[in-house]
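Have a look at the structure below, then the notes.
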Amino acid sequence: MDQSKNQVTAPITRQQSHRDLLRIVIVGHVDHGKSTLVGRLFHDTGSLPEGKFEAIKAMCEKRGMPFEWAFLMDSMQAERDQGITIDTSQIWFHTEKRDYTIIDAPGHKEFLKNMVTGAAQSDAAVLIVDADEGIQEQSRRHGYLLHLLGVRNVAVAVNKMDLVKYDQGRFDEIERDIRSYLESIGVSPSFVIPVSAREGDNIAKPSDNMPWYLGPTIVQSLDTFPTPVSPIHLPFRMPVQDVYKFDQRRIIVGRIESGRLSVGDTVLFSPSNKTVTVKSLESWPEVKGKAKTHAVAGESVGLTLDEQIFAERGELISGTGNSPIETDVFRARIFWLGREPLKIGARYKMKLATGEANVEVQSIEQIIDTTDLSHSGATQVERNQVAEVVMRSRRLLALDEFTALPNTGRFVLVDKFDIAGGGIISMEGYADQRHLVTQKSTNITRVENTVSSDERAMKNGHAGGVLWFTGLSGSGKSTLAVELERKLFERGYHVFVLDGDNVRHGLNANLSFSPEDRAENIRRVGEVAALFAGAGTLTLTAFISPYRSDRDRARLAGEGAFHEIFIKADVATCEGRDPKGLYKKARKGEIKDFTGISAPYEAPDAPELTVDTSAHDIDECVAQLIEYVEANFRAR
């Protein structure tokens, strides 16, 4: 057989072409024929460098072995010796319609880290399944990773059809199973194509061996994939890579990940929240006599500003109208590759764009079995598992949700200098905290009171303070606060209850129950409670206040007078009480973002006091609270 008979065009180089470019990743179980398909694909479209085919053919003859198409792709000696692809490879590839960068990613379980890297760089994918072996665990895992990384343009190549004698029944069976699985995880394959990479069936031209198949070839299917939407049209994002100093100018440099930037634009640095105007754009090499006035996604540029600000690597530059999220907590769907399991409470270095931050695993929501998509709870995530987790940082981070802006919505985790996992960001159930930390008022001066806190305490017989009751709905916060208020009042305390429902009838009537409005609700209550405490009143607040960061802000507002009281009761206990019928409505889907059911509750890390209402009755709990108040607030 003349192996070169299908070579129809002369090879071209990328430098000769100015056409559309699509990045394709090739994935699948080990030995299902990825490298063979890629080698055949390059050969049959005339994309091989001159003499490459002949060199491989001569090498195979010298070794006394049949021609191996995979050797056209696998150029590393270790790969040839072991017969597996151990790294991602990228080669320019072209059809009559457009150019491609094709990424051949490893299928072996031990090399999933490189597969993730390849898929993260791609616009579309070809998933290969062996017609003889059928769908394997790795096939499902790779399909899930494509979903995880947001690759939506997918074609499936059912390879090695020659081994099953080009049987249509076998192909129909695999097509049905792979479509069912992929569609169950939100990936709709554009095509499922029967091929024989070794023999060239349905690669670049239709197969004479499968007249029953009337769909496109691999090449035709790739050419039908839409050209990716240019990131130029997305909101502007530029992570700061470094700050250089040239001839008295401070030049902030980085790569524009999305959007466009022009001289004169007002930009925002996050999370420092500094707003400045772009004075000039710098690029290298400079074009003599022509100042650069604008730049777009994909360009690496430098910019000078109209005023000197302190900026550092990792900050995210954006426009002022569509800024990134600022938060210290977020949800993540991760693929774990670490040598040691990921555990609750473990700390890792997170790399997001050019930034780095230390993060802690706050909770593991569930493990996702990529073979059958079942969910299970766990206290740790093993190597090669997919999980949904909640991560927390000690400082505010600037980021985006992956579905909105992928480049600033995905990250990697580093454990002991090794990349241990990768993930995508979701803010479901959590608030953008930017508005909570942005001060808009200017030209304001605090008025100092002439009556001191000590004078108020001597006059009242007790210090002012905030007892912040936090816990799930139905845990008993309001019941205990009202009963405690009566008991303390009878003992001579200046005491007042701020309750969630009452505050929302007045001060916070304009707020909804979205994560952002819930955070603003708690911010306002925290400030009001702090004012009451400053006036010498013992303020009891009864709020779910589900986010730890919001309670931390209330603590700061209280300036030492804040005491966090965890009213402890699990979901089952609270749901059994359900005094307002809210859990029943939440279970029916009538209440969106209900804490404990469809929205998160972050229990306190180290509260000043824990009152367990599932283990003690009301009188016992109130007695515990009175004892705490007498010990901490009564003037001596």
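FYI, it's all coordinate maths here, none of it is from the lab. Just so we're clear, the structure is a prediction, and the values are computed from it rather than from any experiment. As a convention, Cβ positions derive from the backbone with ideal geometry for all residues, glycine included, and neighbour counts pool all protein chains shown.
Can you tell me the order of 503-511, 314-322, 184-192, 19-27 when each peptide is scored by its average per-residue count of other Cβ atoms within 10 angstrom, highest first?
The most tightly packed comes first, giving 19-27, 314-322, 184-192, 503-511.
Taking the Cα centre of segment 488-569 as the origin, how large is its charge dipole in debye, to the nearest 20, when only Lys and Arg (+1) and Asp and Glu (-1) carry charge on their Cβ atoms?
Approximately 160 debye in magnitude.
Net charge near LEU22: determine it from the other residues with C-beta under 11 Å of the C-beta of LEU22, scoring Lys and Arg +1 and Asp and Glu -1.
Charge balance in the 11 Å sphere: 0.
Which of the peptides 194-202, 520-528, 327-335 is most tightly packed, and how do the rest follow, judged by the mean count of other Cβ atoms within 10 Å per residue?
Per-residue Cβ counts within 10 Å, averaged per peptide and sorted highest first, yield 194-202, 327-335, 520-528.
What does the charge count around ASN358 come to, taking other residues whose C-beta lies under 15 Å from its C-beta (Lys +1, Arg +1, Asp -1, Glu -1)?
+3
Please work out the FRET efficiency for the pair ASP177 and PHE417, using the Cβ-Cβ distance as r and a Förster radius of 45 Å; give the result to the nearest 0.05.
With R0 = 45 Å, the Cβ-Cβ based efficiency is 0.65.
Given a Förster distance of 22 Å, report the FRET efficiency between ASP432 and LYS351 from their Cβ-Cβ distance, rounded to the nearest 0.05.
0.50
Step through the table entries LYS245/LYS279; LYS274/LYS351; LYS97/LYS205; LYS292/LYS351; LYS160/LYS205; LYS477/LYS592, compare each Cα-Cα distance with 20 Å, and write down the pairs that go over it.
Result: LYS274/LYS351; LYS292/LYS351; LYS477/LYS592 exceed 20 Å.
Which pairs break 26 Å Cα to Cα here: LYS487/LYS568; LYS459/LYS568; LYS343/LYS584?
Check vs 26 Å cut-off fails for LYS459/LYS568; LYS343/LYS584.
Note down the net charge around VAL278, summing +1 for each Lys or Arg and -1 for each Asp or Glu among other residues with Cβ under 12 Å from its Cβ.
-1
Straight distance only, please: which aspartates and glutamates reach the Cα of LYS416 with their own Cα at less than 18 Å, same-chain residues fewer than 8 apart left out?
Here the aspartates and glutamates satisfying the reach criterion relative to LYS416 are GLU340, GLU356, GLU360, GLU382.
Arranged from highest to lowest average of other beta-carbon atoms within 10 Å per residue, in what order do the peptides 572-585, 252-265 appear?
Result, highest mean first: 252-265, 572-585.
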